[in-house]
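Here is the structure we will look at, set down as structure tokens.
The values are calculated or read from the model by the stated rules, or taken from the named source; none is laboratory data. Everything numeric in this text was worked out from a predicted model, so none of it was measured. Reconstructed Cβ throughout: ideal geometry from the backbone, glycine too, with neighbour counts over all protein chains shown. To get the accessible areas, we keep the full protein, side chains included, count just its heavy atoms, and leave off ligands, DNA and RNA. Shrake-Rupley method; radii C 1.70, N 1.55, O 1.52, S 1.80 Å.
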Amino acid sequence: MKQRTFTLRQIIEEGTELLKAAGIEEAAQDAWYLLEYAAGISRAVYYGDPDRIMDVRQAKQFLEYIETRGKRIPLQHITGEQEFMGYPFYVNEHVLIPRQDTETLVEEALKVMRAGGRRIKVLDMCTGSGCILLSILKMYPPAEGTGCDVSREALCVAKKNARRLGVDAGWVLSDLFDQWDAPAGYEEAEQVLDERYGMIISNPPYIRTAEIQKLQEEVRVHDPRIALDGGEDGLYFYRRIIEGSILHIEDGGYLLFEIGYDQGEDVAELMQSHGYGDIMIKKDLPGLDRVVMGRYNM
Ligand code: GLN
């Protein structure tokens, strides 16, 4: 059977229409991304010659990606990548796709570190793809970092990102601060949380269980549920991390959390009642509460 040929203009229109029909919100934008991913054709190349006939194999590949995206598979699971703090992070279905909101958390951490100007040991609890820890280590080289996660698959992703970005970090497999004995032969087995850190940072799961069903399909179905579900009141992980942090944080050390827009007061109170002071709530770019931070024994 003869393959249908497309000009670039036709294929981008076709891709956009198919995504629209599948109910994808940013249909045109996603079609552009996938054209670049499938065929290396950027907008600049496109506008150079939109009536160029597209290579048949590349067109087929592009339409396959469009079909996958039409099933609400996130774009980042197709391309295997999401940019965060200007760095490319490898992602898959085992980690939360890095969100732009979380850059606020990294920026607040960097402010604290740069003001201190010293070597500091950082623990990233619930590290996932490693995006928080690794961008901090990239941007503040005197820092030394450990990423902790309950998911081995997530740690594999984080380690891959560390290699790709050329960053040295430690990795710990643990259920928050309650580390179990990892099975023999498991690489992470030697790494334990037995020290104090100058900073503990975390973007834990914080969505209330009942809210999850209201999220869009890409998040609800394709982001790992264990990276989202914060229990009935959304605060389960804040409680456990704050309690556990006491044994692992230096006096004067910083604890920083990403939070949901309506969780600032609750998390601040929890921190206060566990010995944290200098507590501040910071907003993200759209102006919503996004970060709570404080210092231990200050
Ligand atoms: N901010 C994420 C979302 O809205 C949730 C991330 C989290 O629970 N830590 O999907």
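Where residues in segment 204-213 are part of a helix (DSSP H, G or I) and within 11 Å of the ligand (Cβ to nearest atom), which of them is nearest to the chain's Cα centre (by Cα)?
212
Quick check on my filter: what residues within segment 240-298 are within 22 Å of the chain's Cα centre (by Cα) and free of Cβ contacts under 8 Å to residues at least 12 places away in the same chain?
286, 287
In segment 53-71, which residues are among the basic types (Lys, Arg) and open to solvent by less than 50 Å² (accessible area, probe 1.4 Å)?
Matches in segment 53-71: 69 only.
Out of all the residues in segment 214-226, which are acidic (Asp, Glu) and near the ligand (Cβ under 10 Å from one of its atoms)?
Once the filter is applied, which keeps residues that are acidic (Asp, Glu) and near the ligand (Cβ under 10 Å from one of its atoms), segment 214-226 yields 218, 223.
Among the residues that make up segment 74-86, is at least one of them open to solvent by 30 Å² or more (accessible area, probe 1.4 Å), within 14 Å of the chain's Cα centre (by Cα), of a type in the set (S, T, N, Q) and modelled with pLDDT of 95 or more?
Yes, segment 74-86 has at least one match.
If you go through segment 190-210 one residue at a time, how many are free of Cβ contacts under 8 Å to residues at least 60 places away in the same chain, farther than 16 Å from residue 147 by Cβ and surrounded by 14 or more Cβ atoms within 10 Å (Cβ to Cβ)?
4
Filter segment 227-260 down to the residues that are more than 10 Å from the ligand (Cβ to nearest atom), in a helix (DSSP H, G or I) and aliphatic (A, V, I, L, M) and list them by number.
Correct list: 241, 242.
Go through 106, 150 for me and flag whichever is open to solvent by 50 Å² or more (accessible area, probe 1.4 Å) and within 16 Å of the ligand (Cβ to nearest atom).
Step by step, each of 106, 150 is checked, and only 150 is open to solvent by 50 Å² or more (accessible area, probe 1.4 Å) and within 16 Å of the ligand (Cβ to nearest atom).
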